[in-house]
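J.: Structure in structure tokens, see below.
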Amino acid sequence: MKIREKGLPPKEIAQMLGRMLQDDLTFTSGRIVGSMCTEPARFARRLYSKYLEKNLGDPGLFPGTAKLEAECIAAIGNLLSHSNAAGSLVSGGTEANIMALWSAKKNKVERPEAIIPISAHHSFDKAADLLGVKMVKVPTDVMGRIDVKKVKSSITPNTIMMLGIAGTTDLGVIDPITELSEIAEANNIHLHVDASFGGFVIPFLRELRYDVEDFDFKLTGVSSISIDPHKMGMAPVPAGTILFRDIAMLERINIVADYLAGGEASKVTLLGTRPGTAAIVLWSMLNLFGMQGYRRIVKRCMNLTYLLYEESQRMNGVKPVQEPTMNILGLKPLRSSPQQVAKELRVKGWAVSAFPKHLRICVMPHVRKKHILEFAKALDLLEKTEKIIVRHGSSYRALADKAKMHKYQYSFL
Ligand code: 0PR
């Protein structure tokens, strides 16, 4: 498109948008079962537009907003067992992870290396490339948790950071952070915990008497934690947070801008201009839900995750990878590749994630019981159809492809 010479009336633009966006999926349909984001609360929608002009890139102009950001950091610090943690509201887990590595890199060595599990989110590859840090990737055990022995043997004088994940992207498992913390302390290495997903889940799992290990600042070797309110924290995108044990870890990556209209910027972030409304809405969501609200959400998501886990055990075509740790379930298709199954599910309107060996289902707060049951049925049916196709040969495959094109998936069978 080109910017037109003369603008259009809002009504016409709204109509055009309605048409252009009609192919977008919605969370409320319950068909997105592979995303770590969810439907924002109605209150969040209202607030977002009300405070749209706030810019935390110049916090001196918006001291009230800056104070809300500080309160959010304190509240999340409390949730993570450290009420004096220093930190910033950022755009998400990627920025938080970049900031953690950036801070760790300030412990200068000539050829810096970071030890991370192979399950680490790809934001660490971005961070490594940007910061010139070599990533030493360590394998995981059968449960998908980092191999601690390999971590120990990978430490060199160049190691500036170790990573533990509290809620891996592919399976939602928690690395043995207690052991990593001991190793980090003994070797004086920065231990970063990526709790982008699990940070708003694990504290409540514990309260709900699920057996989960420590992962936060209670462990004295943990130096920093990423935790994303825009995943299980019920905040709209963009809302991530990075927390450091010690304010010096944050201040060492501060680059002062002293010319700003509001005065010197006091918050340290990678971004300059950033949405103050994200802080306002996050603060409001923390107050809206409260610990009780988050606990209820986690409980519901876990119950539904277990429902799908049980359903999947009854199916012939898929097998759960393992018992879920949080509201993420890995399902291994037995006859075709996860990519192929994901594609076929998408034709039927379902959006799941496909990892090399399994499908990933995220049972987020917008997913309801009926969606789980419908999804299980769709997955099961796909598998049965697949069996008929295999039995009757390629002519059925051609028919099935044609039917897919016309969106009457398999209805002739
Ligand atoms: N760390 C972990 C453990 C993550 O799972 C993710 C994102 C990040 C860091 C990076 O977070 P941001 O995306 O906020 O920068 N994991 C999600 C994923 O890969 C991101 C996502 C979310 C992808 C919603 C798709 C989607 O619909 O699944």
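J.: Give the shape of segment 189-271 as rounded, prolate or oblate, defined through the alpha-carbon gyration tensor: a ≥ b ≥ c are the square roots of its eigenvalues, a/c under 1.5 means rounded, and otherwise the shape is prolate if a/b is larger than b/c and oblate if not.
T.: Since a/c reaches 1.5 but b/c is at least a/b, the shape of segment 189-271 is classed as oblate.
J.: Another question, if that's okay. For segment 44-97, what is the accessible area per residue in Å² when the probe is 1.4 Å?
T.: 42 Å²
J.: If you take every DSSP beta bridge whose two residues both sit in segment 42-288, what share of them, in percent to the nearest 5, is antiparallel?
T.: 40 percent
J.: So, one more: Note the angle between two axes, namely the Cα long axis of helix 10-20 and the longest principal axis of the Cα atoms of the chain, as a number of degrees from 0 to 90, rounded to the nearest 10.
T.: Computed tilt is about 60 degrees.
J.: Here's something else I'd like to know. What number, rounded to the nearest 500 deg cm²/dmol, is the helix-based mean residue ellipticity at 222 nm of the chain, given -39500 (n - 2.57) per DSSP H run of at least four residues and division by all its residues?
T.: -13500 deg cm²/dmol
J.: Please give the contour-minus-distance gain from Ser29 to Ala14: 0.36 nm per residue of separation, less the Cα-Cα distance, rounded to one decimal in nm.
T.: 3.2 nm
J.: Once you sort the root eigenvalues of the Cα gyration tensor of segment 166-233 as a ≥ b ≥ c, which label holds: rounded (a/c under 1.5), prolate (a/b larger than b/c) or oblate (the other case)?
T.: prolate
J.: Using a probe radius of 1.4 Å on heavy atoms only, what accessible surface per residue do you get for segment 187-294? Whole Å² is fine.
T.: 39 Å²
J.: Let me ask something else about it. For Lys137, list the lysines whose Cα falls under 17 Å from its own Cα; do not include residues on the same chain fewer than 8 positions away.
T.: Leaving aside lysines fewer than 8 places away in the same chain, those within reach of Lys137 are Lys126, Lys149, Lys150, Lys152.
J.: Treat every Asp and Glu Cβ in the chain as -1 and every Lys and Arg Cβ as +1, leave all other atoms uncharged, and give the resulting dipole magnitude about the Cα centre to the nearest 20 debye.
T.: Around 1800 debye, computed over the chain.
J.: Under a Cβ-Cβ cut-off of 11 Å, what is the net charge of the residues other than Lys134 that fall near it, where Lys and Arg count +1 and Asp and Glu count -1?
T.: 0
J.: What order, most packed first, do the peptides 336-347, 220-231, 95-106 have when packing is the mean number of other Cβ atoms within 10 Å of each residue?
T.: Taking the mean over residues of other Cβ atoms within 10 Å, the ranking is 220-231, 95-106, 336-347.
J.: Taking a ≥ b ≥ c as the square roots of the Cα gyration tensor eigenvalues, with a/c under 1.5 meaning rounded and otherwise prolate when a/b beats b/c, else oblate, which class fits segment 115-211?
T.: prolate
J.: Of the listed peptides 42-48, 318-324, what is their order by residue-averaged count of other C-beta atoms within 10 Å, with the highest listed first?
T.: Put in order of decreasing packing, that is 318-324, 42-48.
J.: In nm, to one decimal, how far is the Phe43 label point from the Leu208 one, both placed 7 Å along Cα→Cβ?
T.: The modelled label-to-label distance comes out at 2.1 nm.
J.: Please report, to one decimal in angstroms, the Kirkwood hydrodynamic radius of segment 42-288 built from all distinct Cα-Cα pairs.
T.: 18.2 Å
J.: Expressed in nm to one decimal, what extension gain is obtained for the pair Glu110 and Leu307 from 0.36 nm per residue of sequence separation less their Cα-Cα distance?
T.: 65.8 nm
J.: Here is a follow-up. Kindly express, to the nearest 10 degrees and within the range 0 to 90, the angle between helix 338-347's C-alpha long axis and the longest C-alpha principal axis of the chain.
T.: For helix 338-347, the angle is close to 70 degrees.
J.: Pairing the Cα long axis of helix 276-314 with the longest principal axis of the chain, what angle in degrees results, from 0 to 90 and rounded to the nearest 10?
T.: With both axes taken from Cα atoms, the answer is about 40 degrees.
J.: Where does the chain land on Rg/Rh, using Cα atoms and the Kirkwood Rh?
T.: Rg/Rh: 1.01.
J.: For a Förster distance of 45 Å, can you work out the FRET efficiency between the beta-carbons of Asp141 and Lys2, rounded to the nearest 0.05?
T.: Efficiency at R0 = 45 Å is approximately 0.25.
J.: If you put +1 on each Lys and Arg Cβ and -1 on each Asp and Glu Cβ, how big is the dipole of segment 42-288 around its Cα centre, in Debye rounded to 20?
T.: Computed charge dipole of segment 42-288: roughly 420 debye.
J.: Along the positive direction of the dipole of segment 42-288 (beta-carbon charges: Lys, Arg +1; Asp, Glu -1; about the Cα centre), which of Ala279, Ile202, Leu219 reaches farthest?
T.: The residue sitting most towards the positive pole is Ala279.
J.: Residue by residue through segment 108-119, which ³J(HN,Hα) values in whole Hz follow from phi under the Karplus form 6.51 cos²θ - 1.76 cosθ + 1.60 (θ = phi - 60°), with glycine and proline marked x?
T.: Working through the residues one at a time gives 5, 9, 5, 10, x, 10, 10, 9, 10, x, 5, 7 Hz.
J.: How about Lys319: which aspartates and glutamates have a C-alpha closer than 14 Å to its C-alpha, ignoring those fewer than 8 places off in the same chain?
T.: Partners found: Glu310, Glu311, Asp380, Glu383.
J.: Give, rounded to the nearest 20 debye, the magnitude of the charge dipole that segment 109-252 has about its Cα centre when Lys and Arg contribute +1 at Cβ and Asp and Glu contribute -1 at Cβ.
T.: 160 debye
J.: Moving to a separate point now. Once neighbouring chains are kept in place and the probe is 1.4 Å, which whole percent of the accessible area of the chain is contributed by carbon and sulfur?
T.: 54 percent
J.: Where both partners of a DSSP beta bridge lie in the chain, what percent of those bridges are antiparallel, to the nearest 5?
T.: 55 percent
J.: Continuing with the same structure: According to a simple spin-label model (label point 7 Å from Cα along Cα-to-Cβ), what is the distance in nm between Leu288 and Glu264?
T.: 3.6 nm
J.: Further question: Could you tell me which residue out of Ala248, Ala100, Gly64 lies farthest along the dipole of segment 42-288 toward its positive end? Charges go on the beta carbon: Lys and Arg +1, Asp and Glu -1, centred on the Cα centre.
T.: The listed residue farthest towards the positive side: Gly64.
The values are calculated or read from the model by the stated rules, or taken from the named source; none is laboratory data. Bear in mind that the values here come from a model prediction, so they are computed numbers and not experimental data. When we count neighbours, we look across all protein chains shown, and the Cβ atoms used for this are built from the backbone with ideal geometry, even at glycine. Note: accessible area is taken over every heavy atom of the protein model, side chains too, but ligands, DNA and RNA are not part of it. Shrake-Rupley method; radii C 1.70, N 1.55, O 1.52, S 1.80 Å.
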